[in-house]
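The values are calculated or read from the model by the stated rules, or taken from the named source; none is laboratory data. In this text, all values refer to a predicted model and were calculated from it rather than measured experimentally. Cβ sites come from the backbone with ideal geometry, for glycine too, and all protein chains shown count toward neighbours. Accessible surface is based on the protein model in full, side chains and every heavy atom, while ligands, DNA and RNA are left aside. Shrake-Rupley method; radii C 1.70, N 1.55, O 1.52, S 1.80 Å.
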Amino acid sequence: MNTVNTGEAIVFWVCAVLSVLGAVGLITSRKAVHSALWMALTMINLAVLYIANNAPFLGMVQVIVYTGAVMMLFLFVIMVVGVDSSDSLIETIKGQRFLAMVLGLLLIVIMVWGLGSSLAGLPAVGLGEANRIDGGNVQGIAHLIFTDYLIVFEVTSALLITAAMGAMVLAHREHWQPKPTQAQLSVARFKSEEHPGNRPNPGIYARHNAVDTPALLPDGTPTDASIPGALRARGEIAPVDINDGRAIEEADSL
Amino acid sequence: MTDGQWGWFGVDPWWIVIVKVLGIFVLLVLLTLFTIWWERRVVSRMQHRIGPNRVGPFGLLQSLMDGVKLALKEEIVPKGVHLAVYWIAPIISATMAFVAFAVIPFGPLVNMFGVQTPLQLTDFPVSVLYVLAIASIGIYGIVLAGWASGSIYPLLGGLRSSAQMISYEIAMGLSFVAVFLYAGSMSTSEIVASQEPIWFAVILLPSFLIYVTAMVGETNRAPFDLPEAEGELVGGFHTEYSSMKFALFFLAEYINMVTVSALATTLFLGGWRAPWPISLWEASNTGYWPILWWLVKVQIFIFVFIWLRGTLPRLRYDQFMKFGWKVLIPVSIAWILIVATARVLRNDVTMTNTQILLIGGAIIVVLILGSWLLQSRSDRKAAEQEEAEAKAMARPFDAMAGGYPVPPMPGQHVTLPTRRATSSVTTQEAIDG
């Protein structure tokens with residue numbers, strides 16, 4: 001039982017190195033997306049190790065649930081928050097680096113010393129025997145979940161469902177008014193002071209048709225109504241260069 | 001397969017493994033080239049055109065030529081990309097597409113160069129979950145491509161695509177449950193073996209229909225090809241990709257189509273086993289013949305993909321998500337409940353068919369009565385509420401009802417104090433100003 005064959009050794013050393021590499025990458029990358037990717041690498045390698053240790057079901061669930069769903073959700077949030085935002089490195093809690101180091105060291109001590117001393121001398125049994133009892137890994141897990149650990153399992157699932165419901169309630173917005181229809185919106189637009197029609201396209205009647213080139217009104221004056229709000233806010237409006245002298249002045253004054 | 005044949009997996013000599021891996025690789029690449037040609041020809045026929053017919057017999061070599069051209073094209077890498085991730089994304093997509101095929105059974109035990117071996121790379125007790133897991137890693141390729149391009153359209157396309165694939169993967173996973181219950185296993189070879197008398201597509205028809213719908217959503221194909229909605233998102237996640245990297249995404253999409261079709265064949269259409277009239281022929285399920293039946297079944301699914309693309313317009317995104325979450329998933333769960341109940345009744349409770357029918361009938365009667373009662377009660381409640389609202393409307397609006405300043409109830413009239421004559425407006429008008 002305690003012998004490790006060559007294949008197992010290769011799998012272990014490849015996956016162990018890769019998962020530690022992933023963990024180091026997770027805490028050293030500047031970009032949140034890169035951190036998430038390193039984390040995914042760690043998770044996939046752990047899954048391979050589970051499978052190599054005769055726990056194929058756990059390995060697959062690890063990939064489907066953690067890598068496929070949880071990490072993906074993280075990635076979603078990170079990506080939607082900002083395509084290019086890297087984390088600010090300002091420490092918000094005083095001495096948080098020092099505290100983190102101390103706590104981290106304590107955790108290492110507990111894991112190495114505590115677990116090490118309690119597990120030392122115990123023979124490695126492996127899952128082989130446990131899997132054989134019910135005729136397979138999946139059957140064994142199913143048997144345990146639906147007999148000995150039924151209540152724990154059900155209570156956990158109730159907890160998870162409650163949490164999901166809570167999240168939905170928190171994110172829910174009650175509509176007090178019926179949603180305005182297109183016809184109502186149109187009426188409201190005409191009632192308002194704003195110009196009800198489409199805005200002029202960028203660069204219409206001007207030399208260029210780039211998004212940041214203001215359109216010219218029929219009398220030749222440029223109008224920045226054609227510029228998207230984001231560009232206007234950043235002041236990224238291209239100067240208009242047309243032959244009409246009056247319009248150049250207007251463009252310079254923009 | 002019987003327990004005796006479990007031992008056939010994982011014991012192949014190394015060179016047999018390499019032969020199988022190469023065989024699957026070549027088969028998938030050829031199937032991709034064929035599928036592209038097949039799709040173009042079928043869609044053309046549906047649109048009263050001829051389609052590619054110049055290169056090779058019937059234009060069969062057209063997609064090979066297109067592939068060569070694509071690979072030789074200039075590679076354009078835009079300025080704002082995150083290079084490392086931009087490189088990894090297509091590799092993840094294509095690799096995962098190939099890897100998923102490791103557990104698809106093509107046939108029974110055969111004699112391969114003097115070695116008895118199953119026509120399947122490998123199999124283990126959770127191989128169907130393995131396909132799901134690989135598919136969920138494959139989504140990373142798409143999300144990362146969208147993110148690494150550093151541009152808005154690909155990002156939106158990537159997010160759409162992954163949201164869609166994750167949602168439809170749930171429906172897909174649920175449609176497997178009934179199959180697992182009937183087969184008593186999650187290994188592909190055993191599932192094929194347990195469809196010996198009758199296909200699961202017949203006895204588990206709802207599961208089959210849900211899977212077929214979910215597989216179209218999972219592969220981002222029309223009418224569910226929202227991530228590539230040209231009118232909204234240019235090319236979706238691969239907008240900024242060109243040349244070989246784009247070719248990899250292209251390849252991955254078509255291999256994914258073949259993978260989901262192969263999975264459908266394995267789980268619902270009896271896998272490599274010959275269909276009925278052919279199965280009367282003794283030798284039909286031996287040797288290398290099953291690969292032919294397998295290919296025909298997979299091609300039928302691919303044809304359905306193409307047919308859908310040629311027929312249906314694209315769905316709106318919110319309708320599509322609503323369909324996945326509010327129709328497919330609840331229906332699957334209800335169906336699983338029914339199947340599980342039926343299994344328990346068949347296995348553990350000794351009942352005659354008459355008893356089962358009587359009890360089933362009684363349950364249906366109770367459900368109908370109950371829903372009727374509930375409906376009449378909710379009708380009564382709605383009527384009461386309407387009455388109360390009518391009463392509230394009839395009451396004049398009290399801005400300090402209950403001691404606190406309150407807004408008017410829907411339909412109540414607000415009397416706005418004006419300098420001139422007091423004017424009466426409804427709530428809606430008051431809000432509109």
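Structural remarks
- Looking across B:Leu28, B:Leu60, one residue alone is under 30 Å from B:Gly114 (Cβ atoms) and out of contact with any Lys or Arg (no Cβ under 6 Å at 6 or more places or on another chain). It is B:Leu28.
- The single residue among A:Ala55, A:Ala40 that is among the hydrophobic types (A, V, I, L, M, F, W, C), more than 9 Å from every other protein chain (Cβ to nearest Cβ) and open to solvent by less than 40 Å² (accessible area, probe 1.4 Å) turns out to be A:Ala55.
- Residue in the range B:262-270 that is farther than 30 Å from B:Pro108 by Cα and open to solvent by less than 40 Å² (accessible area, probe 1.4 Å) present: no
- Members of the range A:211-227 found to be in a loop (DSSP other than H, G, I, E, B) and either among the aromatic types (Phe, Trp, Tyr) or without any contact (Cβ under 8 Å) to a residue 40 or more places away in the chain (or both), listed by number: A:Val211, A:Asp212, A:Thr213, A:Leu217, A:Pro218, A:Asp219, A:Gly220, A:Thr221, A:Ile227
- Any pair with Cβ under 6 angstrom, 6 or more apart, that starts in the range A:152-170 at a residue that is modelled with pLDDT of 90 or more and ends at one that is assigned to a helix (DSSP H, G or I): A:Phe153/A:Ile145
- The helices (runs of 4 or more DSSP H) found wholly in the range B:1-118 and carrying at least 2 residues that are in contact with a Gly (Cβ under 7 Å, 6 or more places away or on another chain) and farther than 26 Å from A:Asn54 by Cβ occupy B:14-46, B:83-99.
This table checks each residue for (1) basic (Lys, Arg); (2) exposed (fewer than 10 other Cβ atoms within 10 Å of the Cβ); (3) more than 30 Å from B:Gly173 (Cβ to Cβ).
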residue: B:Val331; (1), (2), (3): no, no, no
residue: B:Ala334; (1), (2), (3): no, no, no
residue: B:Arg343; (1), (2), (3): yes, no, no
residue: B:Arg346; (1), (2), (3): yes, no, no
residue: B:Gly360; (1), (2), (3): no, no, no
residue: B:Val366; (1), (2), (3): no, no, yes
residue: B:Ser371; (1), (2), (3): no, no, no
residue: B:Lys381; (1), (2), (3): yes, no, yes
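- Residues located in the range A:104-132, provided they are open to solvent by 90 Å² or more (accessible area, probe 1.4 Å) and assigned to a helix (DSSP H, G or I): A:Leu105, A:Leu106, A:Leu107, A:Ile108, A:Ile110, A:Met111, A:Val112, A:Trp113, A:Leu115, A:Leu119, A:Glu129, A:Arg132
- B:Tyr288 vs. criteria open to solvent by less than 70 Å² (accessible area, probe 1.4 Å) and of a type in the set (Ser, Thr, Tyr): no
- Top-ranked residue in the range A:62-92 [being more than 23 Å from B:Glu218 (Cβ to Cβ) and at the interface with another protein chain (Cβ under 9 Å from one of its Cβ atoms); ranked as modelled with the lowest pLDDT]: A:Val83
- Enumeration of residues in the range B:146-185 that are within 11 Å of chain A (Cβ to nearest Cβ), under 29 Å from B:Trp199 (Cβ atoms) and among the aromatic types (Phe, Trp, Tyr): B:Phe180
- Enumeration of residues in the range B:64-94 that are surrounded by 17 or more Cβ atoms within 10 Å (Cβ to Cβ) and within 14 Å of another protein chain (Cβ to nearest Cβ): B:Val81, B:His82, B:Val85, B:Tyr86, B:Ile88, B:Ala89, B:Ile92
- Taking the range A:173-200 as the range and being in a helix (DSSP H, G or I) and hydrophobic (A, V, I, L, M, F, W, C) as the test, the residues that pass are A:Ala183, A:Leu185, A:Val187, A:Ala188, A:Phe190.
- Residues of the range A:163-200 classified as farther than 30 Å from A:Pro222 by Cα, away from chain B (no Cβ under 14 Å) and open to solvent by less than 90 Å² (accessible area, probe 1.4 Å), total: 4
- B:Leu61 being open to solvent by 70 Å² or more (accessible area, probe 1.4 Å), free of Cβ contacts under 8 Å to residues at least 60 places away in the same chain and under 25 Å from B:Leu132 (Cα atoms): no
- Filter result for B:Tyr130 (within 12 Å of chain A (Cβ to nearest Cβ) and open to solvent by 20 Å² or more (accessible area, probe 1.4 Å)): yes
- Considering only residues in the range A:133-147 that are at pLDDT below 80 and more than 10 Å from chain B (Cβ to nearest Cβ), the one that is most open to solvent (accessible area, probe 1.4 Å) turns out to be A:Ile133.
- Index of the failed condition, A:Ser35 passing every other in (1) touching an Asp or Glu at 6+ places or on another chain (Cβ under 9 Å); (2) within 8 Å of chain B (Cβ to nearest Cβ): (2)
- Residue identified as within 30 Å of B:Met215 (Cα to Cα), part of a helix (DSSP H, G or I) and touching a strand residue (DSSP E or B) at 6+ places or on another chain (Cβ under 7 Å) among B:Ile278, B:Ile291: B:Ile291
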